1. Under the 0.36 nm per residue contour assumption, what length would be gained going from the current alpha-carbon distance of ARG141 and LEU469 to full extension?
2. Just to confirm, what accessible area per residue do you get for the range 219-330 at 1.4 Å probe, in whole Å²?
3. Using the structure shown, list the pairs from LYS100/LYS484; LYS100/LYS420; LYS100/LYS249; LYS249/LYS420; LYS100/LYS206 with a Cα-Cα distance above 24 Å, or answer none.
4. Provide the FRET efficiency to the nearest 0.05 for the ARG129-SER239 pair, computing r from the beta carbons and using R0 = 30 Å.
5. When only DSSP loop residues count, what GluC sites (Glu not before Pro) in the range 148-203 have their Cβ near at most 13 other Cβ atoms within 10 Å?
6. In nm, to one decimal, how far is the modelled label at ALA93 from the one at ALA292, with both set 7 Å along Cα→Cβ?
7. Between the DSSP loop rule and a limit of at most 14 other Cβ atoms within 10 Å, which GluC sites (Glu not before Pro) in the range 274-347 are left?
8. Which trypsin sites (Lys or Arg not before Pro) in the range 246-345 sit in a loop by DSSP (not H, G, I, E or B) and have at most 14 other Cβ atoms within 10 Å of their own Cβ?
Amino acid sequence: MGGSITSKRGPASSHARLRQVVIVSVICLALYCFMLVPDHSLDSSRTVPEPVFPYYASSSSSSSKSKQQSPQQQRHPPSLLNNRFLTTPQCAAAFPGLTKEIDDVVAKGPFVLPRNPHPGLGPLVARVRGGRLSILSYARRVDLGRDMLQHRSATLHQIAAALLTAPAEEEPIPDTIFAFNHEDDPASPSLSYARPADPVLNGAAKRFFAVPHFSFWAWPIGPVGSFGRAATAIASLESELSWAAKTPKAVWRGTAWFNSARAGRTRQDLVAAARGKPWADVEALHANRSNALAVEDFCRYRYVVHTEGVTYSGRFQYHQLCASVVLAPPLAWMQHLTHLARPAFSYALDGVARTAPSSSSSSSSSFSSSSGNLVPYPAPWVKEAWPTAYDPRTEANILFVAPDWSDLEATVDWLERHPKVAEGIARRQRELFHGGGYFSPAAEMCYWRAAIRGWSSVVRTDGQGFEDLEEIPWEEFSLKEIHK
Ligand SMILES: *[C@@H]1O[C@H](CO)[C@@H](O)[C@H](O)[C@H]1NC(C)=O
């Protein structure tokens, strides 16, 4: 329908021609609507602009002022949760405890950022000056895989957004130079996606600034997608599924070989412990991924088993949106909001005992110890990293289990026999992470600005030679160096 309606003829003929064009247009449009669209209506809806964050837009309810929280309700209106311009005091009032990770690392005091903080590819080093972002040093595109480029790109966009949305009515974001590590393994000193929970690995000299995962910007892989998409899907699923209607099993999917040195064979051991059990839907992903689950579909189960990988696992925040009980070995990696998890421990549950795996394969496990086949639980570092055990009946929002899965079956069995306790743990999790808005765009921007302000307040960069580095404005970098 590209015909031009401009014409040098007189107004009358021009009107006639315009009428023809309009009539033909209407007929074409009608044909399109009635003949073509029914087959493609879902796919073609892409051209319709969507609300900025449909998950928060759709959850506004007239009863949001009510004191009694249901897992679907949110403490804050969408207008606040979508507001990326909150001031520091507004952030603190809306999201108590949000910036604990930053407060803790800042409390360790000043540190020096060396010009080459980590030899090799190393973290990216960037500068904030006058509220603008520029890149000082970075791994070249050819040296990074597609995933790594996406993660780096997503996080630089997050940081740029946090700078752009700094509210005008408060102190500007201070000038600073920071290192950002886009590898899974945290690096010190840098902004990283996680930090080790074990205080021995996070000693006085370490400076891990845990920052929001790149998936809060986007994660363009099949079963996950961006956080907003998954959160919307979870909200719709949770609004329809009561606790009683959820599948009474523990679910897990993953790559069994993907383990950390610290966790040993935890994923293989999980698959072995759950094989053929009626309470489990636990499978190693097939090479053809035919048994993969969309990330929201984990919430259809009452129990979601969570395993860390080489370090943190990027799906944790998705599981935290479920009104389901997350069952995990004590977490060894703290993402920016992991401190809000309030664990109860399986050993505190009445009558839950550990059973050594009976299969002969367990003899090859790296867990073998002097006390039979069972690993120490809780390990000494766990008592340091997770000093508080919360009451499963009134406080806990997650349940830690033995890392060798020796009490997983007993734990699921106990929860099934105590449905009120189980449902309470599940509900408190969703109430906090969904209801409290901790994963909202507003909270994320609050956190990023706190991270950059916190970093700038303790980093020392003088005399390290940063002045000699060429500066690439973020806007330019964003077009050149971030896509494969
Ligand atoms: C995918 O792989 C599994 C296990 O190897 C197999 O059982 C299944 O038939 C395959 N599915 C498809 C659709 O190829």
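The values are calculated or read from the model by the stated rules, or taken from the named source; none is laboratory data. If you're wondering where the values come from, they're calculated on a predicted model, not measured in any experiment. In this analysis, Cβ positions are derived from the backbone assuming ideal geometry, glycine residues included, and neighbour counts consider all displayed protein chains. The accessibility values were calculated without ligands, DNA or RNA, using every heavy atom of the protein model including side chains. Shrake-Rupley method; radii C 1.70, N 1.55, O 1.52, S 1.80 Å.
1. 116.2 nm
2. That works out to 37 Å² per residue.
3. LYS100/LYS484; LYS100/LYS420; LYS100/LYS249
4. 0.05
5. GLU169, GLU170
6. For ALA93 paired with ALA292, the spin-label model returns 4.4 nm.
7. Listed in order of number, the matching sites amount to none.
8. Here the trypsin sites (Lys or Arg not before Pro) that fit, given the DSSP loop and packing criteria, are ARG275, ARG289.
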